[in-house]
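Q: One structure is given below, represented as structure tokens, and several questions about it will come after.
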Amino acid sequence: MSAHFQYILRLADNALILGQRLSEWSGHAPVLEEELAMANIALDLIGQSRLLFAHAGKLEAQGRDEDQLAFLRVEPQYRNLVLVELPNADFGRTVLRNYLYSAFQLQLWQALRPSQDAELAAIAEKSLKETRYHVQHSADWVLRLGDGTEASHARTQAALDYLWPYTAEFFSTDPVDDEVAAAGLGIPWSTLEPAWEATVRPLLEQATLDVPSRTAFRSRGKFGVHSEYMGHLLTEMQYLQRAYPGARW
Amino acid sequence: MLTEAQAWQVLQQVPDPEIPSVSVCELGIVREVRATPDSVTVVVTPTYSGCPATEMIATSIRDALVHAGAPVVSLEVRLAPAWTTDWIAPEAAEKLRALGIVPPHATSRGAVRVLRFSPPALPCPRCGSNQTERLSQFGSTACKALYRCTSCQEPFEYFKPI
């Protein structure tokens, strides 16, 4: 696997897996408006992942198309962050994760616009526009729930305590980052840490939430080491392609 | 065979599946048309990455051109420059308003606007009142937000600038 391919795959898998998670809200969201919002955000993410998978498949040149990459790999071959595969739990944790993740994506897409990989640059430009709306939507809810009632505050604080350690993974580095950066194709995600913190900390504080301290914990999803939840997610997501290989509709 | 000008004329009649009174050309989805004696190539750009209408639009374009006499139709997808609501034709803005959809304002490119629960005051497309409120950032489709007029009580949609 080339570094370039892996770099694109990480972006694609993040979008696909969070899109899959958010789609679980269909039929279950607390109000109709938020049901539509979750479905629309999921749709944007899955759309972004399709563009990225199609691009990754061409780079790999092994004849795998977007469906094969999305549905026919085994767990250690997925390179998404553990953060995006965690269960939705309640609505508060879902929107908080959306915020932590989309604020990071906003920085990432902005930084990828000048990429030497013209296809990646085009996808970044397009995704950036969509991500702005995701950030706005989730930030509104984090403020509303964090600085809301006693119950909503407690749940949102618990969600932050749970999710925060997983955000350290955004900034872990490996040779893939270095190689891609040296070729001018992408940037090491670690360089985005100051800008991301400078965005999310003020909002979390405004939402009256206490940001936990960093610990030594580092999840390793983007290196292929996933949580116990990933297998269950894949079982449902891949069911049709596993039961009826090559099915089309 | 079909000339470029004839192909454009055909495409002016191809409706957007979600907003049928507006054509795919008026929405700025068709970027380029190239015609040779043997084929017509249409360059299209997706609106949102995950727009579920994208494939239906491709099929409608192909069907319309074949029906009009194009021997072979091929479609090319172009991502850059990314689609923007600025490409929606002025005539389409009026058609949107007539459908109860507020057309998008000009976008401020590159700027991240922070609008915490304070969306822009939009005039109601039915009664013109400015007493409106946003119900949801995301409406019946990814490209629209859901609003309500507190004067006439009617809900309406807003085509979000992107």
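The values are calculated or read from the model by the stated rules, or taken from the named source; none is laboratory data. Not measured: the values here are computed from a predicted model. Cβ coordinates were reconstructed from backbone atoms using ideal geometry, including for glycine residues, and neighbour counts include every protein chain displayed.
Q: Could you please give the count of residues in the stretch A:16-28 that are outside any helix (DSSP H, G or I) and modelled with pLDDT of 95 or more? Full working, then the answer.
A: Start the filter on the stretch A:16-28 by keeping residues that are outside any helix (DSSP H, G or I), which leaves A:24-28.
After this cut, where a residue has to be modelled with pLDDT of 95 or more as well, the list is A:24-25.
Summing the residues that are outside any helix (DSSP H, G or I) and modelled with pLDDT of 95 or more in the stretch A:16-28 gives 2.
Residue-wise test of (1) in contact (Cβ under 8 Å) with a residue 24 or more places away in the chain; (2) touching a His at 6+ places or on another chain (Cβ under 7 Å); (3) acidic (Asp, Glu).
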| residue | (1), (2), (3) |
| --- | --- |
| B:Pro15 | yes, no, no |
| B:Glu18 | yes, no, yes |
| B:Val30 | yes, no, no |
| B:Val42 | yes, no, no |
| B:Thr45 | yes, no, no |
| B:Thr54 | no, no, no |
| B:Ala64 | yes, no, no |
| B:Pro71 | yes, no, no |
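Q: Picking from A:Arg201, A:Arg214, A:Arg218, A:Arg248, which residue would you name as being on the phi < 0 side of the Ramachandran plot, surrounded by 13 or more Cβ atoms within 10 Å (Cβ to Cβ) and free of Cβ contacts under 8 Å to residues at least 60 places away in the same chain?
A: A:Arg218
Q: Identify, by number, the condition in (1) of a type outside the set (S, T, N, Q); (2) within 30 Å of A:Gly184 (Cβ to Cβ); (3) more than 11 Å from every other protein chain (Cβ to nearest Cβ) that A:Ala118 doesn't meet.
A: (3)
Q: Restricted to the stretch B:62-95, and to residues that are under 18 Å from the mean Cα position of the chain (by Cα) and of a type in the set (Val, Ile, Thr), which residue is surrounded by the most Cβ atoms within 10 Å (Cβ to Cβ)?
A: Among those that are under 18 Å from the mean Cα position of the chain (by Cα) and of a type in the set (Val, Ile, Thr), it is B:Ile88.
Q: Mind checking which residues of the stretch A:132-148 are in contact (Cβ under 8 Å) with a residue 60 or more places away in the chain and either more than 10 Å from chain B (Cβ to nearest Cβ) or hydrophobic (A, V, I, L, M, F, W, C) (or both)?
A: Across the stretch A:132-148, the qualifying residues are A:Ala139, A:Val142, A:Leu143, A:Leu145, A:Gly146, A:Asp147.
Q: Right, another one. Taking the stretch A:130-148 as the region of interest, how many residues are acidic (Asp, Glu), in a helix (DSSP H, G or I) and over 16 Å from the mean Cα position of the chain (by Cα)?
A: From the stretch A:130-148, those acidic (Asp, Glu) are A:130, A:140, A:147; that's our starting set.
With in a helix (DSSP H, G or I) added as a condition, the list becomes A:130, A:140.
After this cut, where a residue has to be over 16 Å from the mean Cα position of the chain (by Cα) as well, the list is A:140.
Going through the stretch A:130-148 one residue at a time, the tally reaches 1.
Q: Something else about it: Determine, yes or no, whether B:Arg116 is within 12 Å of another protein chain (Cβ to nearest Cβ), surrounded by fewer than 19 Cβ atoms within 10 Å (Cβ to Cβ) and at pLDDT below 90.
A: Spelling it out, B:Arg116 is indeed within 12 Å of another protein chain (Cβ to nearest Cβ), surrounded by fewer than 19 Cβ atoms within 10 Å (Cβ to Cβ) and at pLDDT below 90.
Q: Of the numbered conditions (1) farther than 19 Å from A:Asp177 by Cα; (2) within 14 Å of chain B (Cβ to nearest Cβ); (3) of a type in the set (A, V, I, L, M), A:Ala124 satisfies every one except a single condition; which is it?
A: Of the numbered conditions (1) farther than 19 Å from A:Asp177 by Cα; (2) within 14 Å of chain B (Cβ to nearest Cβ); (3) of a type in the set (A, V, I, L, M), the odd one out for A:Ala124 is (1).
Q: So A:Ala151 passes all but one of these: (1) under 30 Å from A:His55 (Cβ atoms); (2) more than 14 Å from every other protein chain (Cβ to nearest Cβ). Which condition number does it fail?
A: Looking at each condition in turn, A:Ala151 falls short on (1).
Q: I'd like to check something: does the stretch A:7-18 contain any residue that is more than 27 Å from B:Ser140 (Cβ to Cβ) and among the small types (Gly, Ala, Ser)?
A: The answer is yes, given that some residue of the stretch A:7-18 is more than 27 Å from B:Ser140 (Cβ to Cβ) and among the small types (Gly, Ala, Ser).
Q: Okay, next question. Here are A:Ser190, A:Ser213: which of them is assigned to a helix (DSSP H, G or I) and more than 16 Å from A:Arg79 (Cα to Cα)? Lay out the reasoning, then the answer.
A: Numbers: A:Ser213 fails: assigned to a helix (DSSP H, G or I).
Just a single option satisfies the conditions, and that option is A:Ser190.
Q: Also, I was wondering about something else. Does A:Val82 qualify as being within 16 Å of the chain's Cα centre (by Cα) and among the aliphatic types (A, V, I, L, M)?
A: Criteria met by A:Val82.
Q: Here's something else I'd like to know. Can you name the residue in the stretch B:142-160 that is in contact (Cβ under 8 Å) with a residue 12 or more places away in the chain and surrounded by fewer than 19 Cβ atoms within 10 Å (Cβ to Cβ) and is also nearest to B:Glu18 (Cα to Cα) among such residues?
A: The extreme case among them is B:Pro155.
Q: What are the residues in the stretch A:149-185 that are crowded, with 16+ Cβ neighbours inside 10 Å, in contact (Cβ under 8 Å) with a residue 60 or more places away in the chain and assigned to a loop (DSSP other than H, G, I, E, B), if any?
A: A:Leu185
Q: Here's another thing I want to ask about it. A:Ser26 fails exactly one of the following numbered conditions: (1) out of contact with any Ser or Thr (no Cβ under 9 Å at 6 or more places or on another chain); (2) hydroxyl-bearing (Ser, Thr, Tyr); (3) crowded, with 19+ Cβ neighbours inside 10 Å. What is the number of that condition?
A: Tallying (1) out of contact with any Ser or Thr (no Cβ under 9 Å at 6 or more places or on another chain); (2) hydroxyl-bearing (Ser, Thr, Tyr); (3) crowded, with 19+ Cβ neighbours inside 10 Å, A:Ser26 fails exactly one: (3).
Q: If you take the residues in the stretch B:139-153 that are in a loop (DSSP other than H, G, I, E, B) and either modelled with pLDDT under 90 or closer than 13 Å to B:Pro125 by Cβ (or both), which one is nearest to the other protein chains (Cβ to nearest Cβ)?
A: Restricting attention to the stretch B:139-153, the residues satisfying the condition of being in a loop (DSSP other than H, G, I, E, B) are B:139-143, B:150-153.
Then drop every residue that is not either modelled with pLDDT under 90 or closer than 13 Å to B:Pro125 by Cβ (or both), which leaves B:139-143, B:151-152.
Details: B:Gly139: 6, B:Ser140: 7, B:Thr141: 8, B:Ala142: 5, B:Cys143: 9, B:Ser151: 21, B:Cys152: 20 Å.
Out of the qualifying residues, it is B:Ala142.
Q: Mind counting the residues in the stretch A:133-166 that are of a type outside the set (Phe, Trp, Tyr), touching a helix residue (DSSP H, G or I) at 6+ places or on another chain (Cβ under 7 Å) and closer than 20 Å to A:Trp196 by Cβ?
A: 12
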